[in-house]
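Before any comments, here is the structure.
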Amino acid sequence: MTASAVEVVLHEYGAAVSVPLDARAGQALASSGVLESATPDPHRSGHWLLRAGSKVGAVRVPDGPVVRITPKTPVRRLFFLLGFSLDPGRAWRDGREGAIETGAHNDVVPALAHAVERQIDGALRQGVLQGYREVKESALVVRGRLREAEQIRRHFGRTPPVEIAYDAYTPDITENRILRAATERLLRLPDVPGPVRRRLAHQRVRLAEALPLIRGEELPRWQPSRLNSRYQPALRLAEAVLRGTSPEHRPPGTDRLAMDGFLLDMNKLFEDFVTVALREALRDHALTARLQDPHHLDVAGLVRLRPDLVVRTGDGRTPVAVLDAKYKVEKGDGLLNADLYQALAYATVLGLREAHLVYAAGRRPRRFHEVRGTVPEAGGRGVRIHQHTLDLSREPEHLLMAFREIAGQLASGRREET
């Protein structure tokens, strides 16, 4: 079997797998950021040891294998978490797991392709959205506004043709361009099932009047409105496709080597899920929250700190708690020293008596540590660092209930301060 015919299946944070791979493809994987590690196998010539980290999905290496990385979290649950990244304003907070329809697919790319196609089909059910777009062109007849400067510069004032500008009512608008680009991107990915691929090709035909996006350029921006409300779920999912990792790498001394694929970073996904869900739960307690709130550890402002979430009073002025999300398993003894030091630094800088850490897995749902030497006065208590553990295997409604409990604890900490 040739290397190009091989499909390599890795598991998120699983054991390394020895794979036959030429040096060019191995070096590309090693420096692409797709995997936790990729190193030559010291025991087998022509083989590389590949180990997955937090990224899940699939990539195709030219003249090499398709590398598929399966998540520890079930795919349907993973897309429930993804909803909090895609639409923080709604985030499907009714606890339903099927808001992003993934069909019966158990791998990331097939489920994503199915979900995007279903969303696009729903968006186009009432017809392709049209809008006004300014058109500038040379024409034999005057239509719209005469571009006098261009007329003189390009034609020395002679007519026809005439340089004109006008507003055209057309399907070639930003929204349709994004949907078309996502469709075309998915059609290039490995692992897309045949029936889904055929439906995606049909959607591409429906969007054919929208111009393609230029690959590598920044995505155009669209503004939510009443007119494009039926497009919005599809647009958010399409943008996730287009922003998914597609590594392009030039190893030293070799030609350009591009890998096409789609990857989700579970670290970022978990962080978004925790912070967005908590921010919403805190509103019931008249508290606000800032995500990735910037601060400095030192007086000179040289050491930057950026906690995942800083909880503040309703007016946003006074910090009352700080929290970091950790997509890792709490150790058997519950102690992750570096995390505790980081949380203590956050609490110290913000002048707080509490800091919180939320883990993706662990043996105990909650525990806390009281830091020695931080008792402000006789009879007072020191800084407490709370550790919370979420069980991502539980149903969505249970996960959201856990966030309500954590939010209640944050609110009780505020009452102690006052």
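The values are calculated or read from the model by the stated rules, or taken from the named source; none is laboratory data. A quick note: this is a predicted structure, and the numbers were derived from the prediction, not measured. Counting neighbours? That spans all protein chains shown, and the Cβs are built from the backbone with ideal geometry, glycine included.
Structure notes:
- Candidate set: segment 334-375, residues that are modelled with pLDDT of 85 or more and β-branched (Val, Ile, Thr); chosen: the one surrounded by the fewest Cβ atoms within 10 Å (Cβ to Cβ): THR348
- Residue match in segment 99-107 (condition: outside any loop (DSSP other than H, G, I, E, B) and either modelled with pLDDT under 90 or in contact with a Leu (Cβ under 8 Å, 6 or more places away or on another chain) (or both)): yes
- Of all residues in segment 59-80, those satisfying the criterion of being of a type in the set (Val, Ile, Thr) and either surrounded by fewer than 22 Cβ atoms within 10 Å (Cβ to Cβ) or not in a strand (DSSP E or B) (or both) are VAL61, VAL66, THR70, THR73, VAL75.
- The criterion of being modelled with pLDDT under 90, outside any helix (DSSP H, G or I), within 15 Å of the chain's Cα centre (by Cα) and surrounded by fewer than 21 Cβ atoms within 10 Å (Cβ to Cβ) holds for THR245.
- Candidates are the residues of segment 1-38 that are among the hydroxyl-bearing types (Ser, Thr, Tyr) and assigned to a loop (DSSP other than H, G, I, E, B); the one that is modelled with the highest pLDDT is TYR13.
- Pair list, Cβ under 8 Å, 6 or more apart: segment 305-316 residue farther than 12 Å from LEU350 by Cα and in contact (Cβ under 8 Å) with a residue 40 or more places away in the chain, other residue assigned to a strand (DSSP E or B) and of a type in the set (Val, Ile, Thr): THR313/THR288; THR313/VAL320
- Looking across VAL322, VAL276, one residue alone is among the aliphatic types (A, V, I, L, M) and under 22 Å from THR374 (Cβ atoms). It is VAL322.
- The single condition among (1) within 11 Å of LEU10 (Cβ to Cβ); (2) surrounded by fewer than 22 Cβ atoms within 10 Å (Cβ to Cβ); (3) in contact with an Asp or Glu (Cβ under 8 Å, 6 or more places away or on another chain) that GLU36 does not meet is (3).
- Residue check for GLY89: surrounded by 16 or more Cβ atoms within 10 Å (Cβ to Cβ) and either modelled with pLDDT under 95 or within 19 Å of ARG68 (Cα to Cα) (or both): no
- Lone qualifier among ALA38, ALA23, ALA15, ALA52 - being under 29 Å from the mean Cα position of the chain (by Cα) and over 13 Å from VAL67 (Cα atoms): ALA15
- With respect to (1) modelled with pLDDT of 90 or more; (2) among the charged types (D, E, K, R); (3) not in a loop (DSSP other than H, G, I, E, B), the lone exception for GLU280 is condition (1).
- Test set (1) farther than 24 Å from GLY103 by Cα; (2) modelled with pLDDT of 90 or more; (3) loosely packed, with under 15 Cβ neighbours inside 10 Å; (4) of a type in the set (A, V, I, L, M) - VAL205 fails condition number: (1)
- Applying the criterion of being hydroxyl-bearing (Ser, Thr, Tyr) and outside any loop (DSSP other than H, G, I, E, B) to the residues of segment 213-232, the residue that is farthest from THR183 (Cα to Cα) is SER229.
- From the options VAL116, VAL135, VAL56, VAL128, residue that is surrounded by 15 or more Cβ atoms within 10 Å (Cβ to Cβ), part of a strand (DSSP E or B) and modelled with pLDDT of 75 or more: VAL56
Residues are listed down the side, and each one gets a yes or a no for (1) on the phi > 0 side of the Ramachandran plot; (2) at pLDDT 90 or above; (3) in contact with a Phe, Trp or Tyr (Cβ under 6 Å, 6 or more places away or on another chain); (4) not assigned by TED's automatic domain parsing to the domain that holds ALA182:
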residue	(1), (2), (3), (4)
GLU218	no, no, no, no
ARG221	no, yes, no, no
SER225	no, yes, no, no
ASN228	no, yes, no, no
GLU239	no, yes, no, no
GLY253	yes, no, no, yes
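- Every pair of residues 6+ apart whose Cβ atoms lie under 9 Å, when the first sits in segment 186-208 and is assigned by TED's automatic domain parsing to the domain that holds THR102 and in contact (Cβ under 8 Å) with a residue 40 or more places away in the chain while the second is surrounded by 13 or more Cβ atoms within 10 Å (Cβ to Cβ) and among the hydroxyl-bearing types (Ser, Thr, Tyr): LEU200/THR183; GLN203/THR183; LEU207/THR183
- Qualifying residue in segment 284-294 (condition: at pLDDT 90 or above, crowded, with 21+ Cβ neighbours inside 10 Å and either closer than 30 Å to LEU179 by Cβ or not basic (Lys, Arg) (or both)): yes
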